[in-house]
Amino acid sequence: MIFKHALTWSLLPFAALLVAAGSAPAPTATLAVAPFTQGIITTRVSLPGNPYDKLLSKLDPAKGNIQGQMQQLAASLTPAEQQQLQTEAAKLSPAMTIGAMMLPRKGTIYCRGQEARATTDALTYHLENYFNNATHKGLLLMASQSTPQTVNYTYDAASVKKTWQSIVVTAQDYTAKTSTETALVSGYPSQKTTYTLKPGAAETTSPEPGQLPNKPTALDVWTSAQIPQSLNFAHPVYVAETHGITRLVVYFDKERKQRMVYEFASVQPKAITDQDLKIKTTAPVLDYAKDEMQVGMKMLALMLGGGPQQSGSDE
């Protein structure tokens with residue numbers, strides 16, 4: 001997509017539909033856990049060390065009036081806290097600031113067999129994503145939090161990387177090392193694999209000021225044999241793992257100070273209905289393969305605050 005290099009962090013929320021947190025060290029004896037086949041997974045994303053992270057995580061898009069909520073939060077800070085925030089924020093790259101503003105903090109996945117619907121809310125948009133692993137086809141809805149603006153489109157598996165997986169991990173660029181380290185992530189035994197960028201795979205030219213490199217320095221990826229691999233379709237990072245990814249830690253710099261943590265928060269096995277998997281769209285429903293430019297422009301406008309009001313019947 002034409003915005004990929006200039007707005008890597010802006011595009012990241014496309015994939016951050018399943019974000020989460022809350023792992024704990026595995027006990028010495030791992031209890032048997034039944035494979036997850038259907039139920040509800042809640043997720044959360046965080047940016048440890050980012051001064052905006054804790055503050056913005058207190059906002060609730062579902063309550064509306066984001067601007068008012070932000071004003072209340074700002075007013076609740078003491079002068080010393082405001083000064084500290086400004087000092088720490090001045091050290092951030094603009095890309096990390098955009099990331100803090102754009103990333104949806106929580107998400108919910110409804111999964112049944114080969115089908116899954118993920119929903120999430122960011123400060124400026126609401127997003128729903130349905131994917132059928134049997135047919136390799138999906139449907140995505142994005143709606144503005146502040147205007148009637150929406151965009152809906154269908155896509156196939158081949159479009160996933162182009163649409164939202166703005167970080168792609170390949171054997172050509174990264175060295176993979178599977179660790180003996182394990183952890184329980186929301187009750188599911190998960191094993192850690194570390195991916196390290198090869199020296200020759202680094203970008204030949206430095207990213208523009210304020211941007212993050214398209215290839216992270218390293219990643220820690222936790223997978224569980226009890227979680228379906230098919231749920232990996234909506235992660236912000238493409239990694240060719242054979243099991244379901246329960247946790248991701250993405251390191252964007254060599255010092256590993258600028259990072260993103262994505263993790264399952266809870267997993268609740270239960271019966272899922274057809275209604276749980278349904279997305280209510282509004283006309284028109286575009287086709288990503290045919291309308292890539294139109295889809296990209298509409299989604300960018302929604303993420304940046306809703307965009308200008310459109311006349312006509314396309315919204």
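Bear in mind these aren't lab numbers, they're just calculated from the coordinates by the rules spelled out. No experiment lies behind these values; they were computed from the predicted model shown. Note that each Cβ is placed from the backbone with ideal geometry, even for glycine, and that neighbours are counted across all protein chains shown.
Points to keep in mind about this one:
- Multiplying the residue separation of Asp287 and Ala89 by 0.36 nm and subtracting their alpha-carbon distance yields 67.3 nm.
- Gln294-Ser146 pseudo-label distance in nm [points 7 Å out on the Cα-to-Cβ vector]: 2.6
- Rounded if a/c under 1.5, otherwise prolate or oblate - region 85-196, Cα gyration tensor axes: oblate
- Rel. contact order, % - alpha carbon contacts under 8 angstrom, at least six apart, region 213-272: 34
- Simple label model, 7 Å out from Cα along Cβ direction - Gln275 to Gln114, nm: 2.6
- For region 44-159, relative contact order (Cα pairs under 8 Å, six or more residues apart, normalised by length) works out to 19 percent.
- The calculated FRET efficiency for Thr175 paired with Thr37, based on their beta-carbon distance and R0 = 30 Å, is about 0.35.
- Potential lengthening between Glu241 and Gln72 on full extension [0.36 nm per residue; Cα-Cα distance subtracted]: 56.5 nm
- Inter-label distance for Ala80 and Thr135, nm, one decimal - labels placed 7 Å from Cα along Cα-to-Cβ: 6.0
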